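To start, the structure itself, in structure tokens.
None of the figures in this text is laboratory data; all of them are computed from the coordinates on show. Quick caveat: nothing in here was measured; it's all calculated off a predicted structure. Note: ideal-geometry Cβ built from the backbone for every residue, glycine included; neighbour counts use all protein chains shown.
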Amino acid sequence: MTEKIEAVQRMQSYIEENLTERITLADLSRASYFSPWYSARIFKELTGLSPADYIRRLKLSKSALRLRDEGCKITDVAYDMGFGSVDGYQRAFLREFGCNPEEYALNPTPLSLFTPFGVKFKEFWKEENNMDGIRNVFIQIVEKPARKVILKWGQKADNYWDYCEEVGCEVWGILTSIKSLSGEPVSMWLPQQYRKPGTSEYVMGAEVSEDFDGQIPEGFDIISLPKAKYLMFQGEPFAEEDFCDAINAVQTAMDRYDPSVLGLTWDDSNPRIQLEPVGTRGYIELKAVK
């Protein structure tokens with residue numbers, strides 16, 4: 001991984017850890033170990049946004065989730081997120097999402113939330129990884145109810161990176177704004193019977209209740225999935241830079257596991273499910289059984 005990528009990742013981590021504070025270019029310069037001018041230049045080069053735009057969009061997206069889930073006062077959210085005034089916060093929210101925060105708090109609809117992917121992770125994914133040592137993988141049976149999934153189709157993708165190339169990674173931000181059964185978006189490998197002609201096996205979506213009748217974002221679709229039993233494979237917590245090894249460990253365990261020890265067989269008629277790799281909880285995948 002190059003020095004430039006590491007510097008931008010340090011700036012991204014600093015922003016995430018200090019998001020409710022006033023963050024200056026001098027602060028980011030100290031985090032990156034480069035001059036303010038060079039720090040700003042490489043940040044925009046690798047993230048596509050200036051530091052100020054990146055911070056503003058991230059603050060607004062975090063504030064939207066608080067309005068959706070916590071029933072907070074708009075005044076409290078504005079000041080907690082470091083905005084200088086409520087009016088300034090409301091104007092910024094309207095420019096970003098096309099609605100004012102009061103309207104959104106009363107009637108949360110899908111929004112295109114900003115999702116700040118770490119610049120280092122794609123680089124790690126490209127690297128060849130050799131698994132050394134034994135990692136624990138925990139397995140438990142979970143029941144999924146009959147439900148619907150709001151999703152966006154790709155064309156040919158069968159993995160995360162190809163899907164992002166086809167659809168764009170910003171789809172995750174929209175899905176995050178939808179209050180889902182599992183509390184977070186999911187990725188799925190869909191069996192053929194759930195796919196439309198010319199659509200991808202790999203999709204990102206939000207699981208919602210079977211009787212969901214809310215707004216579906218433009219360009220998205222909705223499908224129904226039946227009640228199903230799954231084996232959930234969860235790896236050990238991992239350092240963020242080791243996320244490829246963490247994924248490989250869980251997927252290797254899944255490939256080797258024989259569900260007949262539990263009196264079960266794999267159920268290929270239901271989708272395989274992937275949760276976002278989060279180091280503090282370990283990587284998680286679910287595979288259907290019957």
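See the values below:
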{"item": "Exposed-loop-free span, longest in the chain, where chymotrypsin sites (Phe, Trp or Tyr not before Pro) count as exposed if DSSP calls them loop and at most 15 other C-beta atoms lie within 10 Å", "result": "118-290"}
{"item": "Highest-fluctuation residue, N159, N270, N107 considered, GNM on the chain with Cα pairs under 10 Å", "result": "N107"}
{"item": "Rg(Cα)/(2.2 N^0.38 Å) for segment 3-106, N = residue count", "result": "1.15"}
{"item": "Karplus (6.51, -1.76, 1.60) ³J(HN,Hα), θ = phi - 60°, over segment 18-26, in Hz, Gly and Pro reported as x", "result": "10, 4, 7, 9, 7, 9, 9, 5, 5"}
{"item": "Charged-residue dipole, Cβ positions (Lys, Arg, Asp, Glu), the chain about Cα centre, Debye nearest 20", "result": "400 debye"}
{"item": "Over the chain: Rg over Rh, Cα atoms, Kirkwood Rh", "result": "0.98"}
{"item": "Exposure proxy ranking, count of Cβ atoms within 10 Å, fewest first, for T176, T109, T2", "result": "T2, T109, T176"}
{"item": "Net lengthening on full extension, K229/R41 (0.36 nm per residue, minus Cα-Cα)", "result": "62.7 nm"}
{"item": "Residue range of the chain that is longest and free of GluC sites (Glu not before Pro) which are both DSSP loop and sparsely packed (at most 15 other C-beta within 10 Å)", "result": "219-290"}
{"item": "Separation of the E170 and D158 label points, Cα + 7 Å toward Cβ, nm", "result": "3.0 nm"}
{"item": "23 Å tail of the calculated P(r), segment 137-289, as % of Cα pairs", "result": "37 percent"}
{"item": "Average Cα contact separation per residue, the chain, under 8 Å, 6 or more apart, as relative contact order %", "result": "17 percent"}
{"item": "Cβ charges +1 (Lys, Arg) and -1 (Asp, Glu), total dipole of segment 2-105, debye", "result": "280 debye"}
{"item": "Calculated from backbone phi, Karplus (6.51, -1.76, 1.60) coupling profile of segment 264-278 in Hz, x at Gly/Pro", "result": "10, 10, 5, 10, 6, 7, 10, x, 7, 10, 10, 9, 4, x, 10"}
{"item": "Value at 222 nm in deg cm²/dmol, rounded to 500, when DSSP H runs of n ≥ 4 in the chain each add -39,500 (n - 2.57)", "result": "-12000 deg cm²/dmol"}
